[in-house]
Structure formats: structure tokens, C-alpha cells
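The values are calculated or read from the model by the stated rules, or taken from the named source; none is laboratory data. All values reported here derive from a predicted model rather than from experimental measurement. FYI the Cβ positions are ideal-geometry reconstructions off the backbone, even for glycines, and counts take in every protein chain you see. Remember, those area values only see protein heavy atoms, side chains included, never the ligands or the DNA or RNA. Shrake-Rupley method; radii C 1.70, N 1.55, O 1.52, S 1.80 Å.
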Amino acid sequence: MIASGPPPNRLLQMLDATDMDLLRPHLITIELVRETVLGEAGAVLRHVYFPHDGTVSITVGLSEGQTIEVAMLGRDSVVGGGAALADGIAASDAVVLFPGTASMLEIGAFRTIAATSAPFRSLMIRHEQALLARAQQSLLCNTLHPVEARLARWLLRAQDLSDSETLPLTQETLAQMMGVRRNAISLVAHALQRAGIIRYSRGQIVITDQRALEATSCDCYAVMKAYDARLLARPR
């Protein structure tokens, strides 16, 4: 159990003391183990998660059997909040990408607190609005922008959530997340490494020049950061 003070999740840190007192008895700190499935599309959710660190990939499946990431969630997010406020059925898969920890609570407790506290409910709704905007921007990016810019944007988001220049990633994972062929990722990663922007070896990518990576990224990175800033700004 969490004894006192808000956990290191930015949404929880935005709550006032009254709402944290409502949540605290229900929060359990858990380990986010890589590749753990937190939610499966079409399945009933049992828990809601507020990541402290680590990242969770929200993906959708295609009819050909492929999957593509529509959002990457971490300490600025809640996993399963939207479904909990609706019918409790997950609309997409949620899988741990980078390990870490999270605060977990049962969906029934989440719903009760959302019904009791208007500020808590409002924050969760704002989060879902920001998540929808991010998913739409991701779809636009994947449709219109070259792989190099998309990869740069993805790596920057991953770095924002992990606070580390070193990301435990394989090219196969990147290709799956971005919905492109592995050889396309390999070519782009090689070009970025030649330019001194990243360094990669098997199972690991190191960002060596963040400014250059930001310059390589499309405008979608800045647009998505603006969504996050609006979400995390306290309403007047």
C-alpha cells in the first residue's frame, strides 16, 4: 500500500489532498514487467494503472495479423481509465514496453471515486481527450511522414518517459510499433548512426544528439507535447 503523498505519476500529483485520500486506500504499487499484457482488446478490464516509470504501448491489430502502436503511455498517463469510465471493455491492447512500476487499483474503486469526485472525473476525461488527440496525430504522422521523421518522433517520446538516453529496444520491436518493415528501420537507424544522432547495438539504442534528433523529427513531436502540456496544466 502507498502510505503517504502522491505516487510519482503526474496525474495523481495533480490531485488535491481530498481526492488523494479517496484513492490512497485502494492503490497498490506493482512491478511493470516487460511484455506483460495489462489489457486486451475486447476483454473486460479488472484494473486501472497509473505508471510511475516505464512505458506501456497501446496497440491495435490489423486484419493481416500485424499490430501498430497508436500511443505510448507512461508517468503522464493512466492505462484503462477511459474504458473504466465507459463499459469496462478494453478498446485496444495495452502491453508493457519498458519495465517500471505503477499504482494499480480495481476498476470498481476507480468508478466509485470518479462518481464521487468531479475534479478527479474531469482530469480523467481530459486525459482521454489528450490520448485521442495523440492517437489521431500518430495516425496522421504514420500516413504522411517518412520513416526517418517518425522514428525520431517515437524515440523522443520514449526518452521523455524514461529520462534516459539509453533505450532497451530491438529493431524488430521498433518495426512492429511503427508498422513498417524491419529493413526500413535498419536503413534509417544506420543513417542516424552515421550522422552521430544515435548509436545502436543489438537490443539497445542510445540517443547521442537530442537536438539533432528533434530536428530530424516531424512537427508531430511538438504538437503531441503541446497536448500533454494542456493536459497537465491545472484548470483555472
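Counting only helices (runs of 4 or more DSSP H) that sit wholly inside segment 163-234, those with at least 3 residues that are within 17 Å of the chain's Cα centre (by Cα) and not basic (Lys, Arg) are 171-178, 220-232. Exactly one residue among GLY54, GLY65 is at pLDDT below 95 and under 14 Å from the mean Cα position of the chain (by Cα), and that residue is GLY54. The residue of segment 197-214 that is surrounded by the most Cβ atoms within 10 Å (Cβ to Cβ), among those that are among the small types (Gly, Ala, Ser) and modelled with pLDDT under 95, is GLY203. Restricted to segment 5-111, the set of helices (runs of 4 or more DSSP H) holding at least 3 residues that are out of contact with any Pro (no Cβ under 7 Å at 6 or more places or on another chain) comprises 17-23, 81-85.
Evaluated against (1) within 20 Å of LEU161 (Cβ to Cβ); (2) surrounded by fewer than 22 Cβ atoms within 10 Å (Cβ to Cβ); (3) among the charged types (D, E, K, R), ASP19 falls short on exactly one condition, (1). Which residues, counting only those in segment 30-51, are open to solvent by 70 Å² or more (accessible area, probe 1.4 Å), under 18 Å from the mean Cα position of the chain (by Cα) and either under 14 Å from PRO119 (Cβ atoms) or in contact (Cβ under 8 Å) with a residue 60 or more places away in the chain (or both)? Result: GLU31, VAL33, ARG34, GLU35.
Residues are listed down the side, and each one gets a yes or a no for (1) free of Cβ contacts under 8 Å to residues at least 12 places away in the same chain; (2) of a type in the set (A, V, I, L, M, F, W, C); (3) at positive phi:
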| residue | (1), (2), (3) |
| --- | --- |
| GLY88 | no, no, yes |
| ALA102 | no, yes, no |
| ARG126 | no, no, no |
| LEU132 | yes, yes, no |
| ALA152 | no, yes, no |
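Residue under question is VAL78, and the condition is that it be over 30 Å from GLN193 (Cβ atoms), surrounded by 17 or more Cβ atoms within 10 Å (Cβ to Cβ), β-branched (Val, Ile, Thr) and modelled with pLDDT of 90 or more; does it hold? Answer is yes for this residue. Among the conditions (1) at pLDDT 90 or above; (2) crowded, with 17+ Cβ neighbours inside 10 Å, MET177 misses just one, which is (1). Only a single item in (1) on the phi < 0 side of the Ramachandran plot; (2) surrounded by fewer than 17 Cβ atoms within 10 Å (Cβ to Cβ) is not met by ASP163, and it is number (1). Comparison of SER77, SER117 shows that the only residue that is in contact with a strand residue (DSSP E or B) (Cβ under 9 Å, 6 or more places away or on another chain) and either free of Cβ contacts under 8 Å to residues at least 24 places away in the same chain or within 21 Å of PRO25 (Cα to Cα) (or both) is SER77.
In the condition set (1) open to solvent by 50 Å² or more (accessible area, probe 1.4 Å); (2) in contact with a strand residue (DSSP E or B) (Cβ under 7 Å, 6 or more places away or on another chain), ALA90 is compliant with all but (1).
Tallying residues that are of a type in the set (Ser, Thr, Tyr) and surrounded by fewer than 17 Cβ atoms within 10 Å (Cβ to Cβ) within segment 102-146 yields 4.
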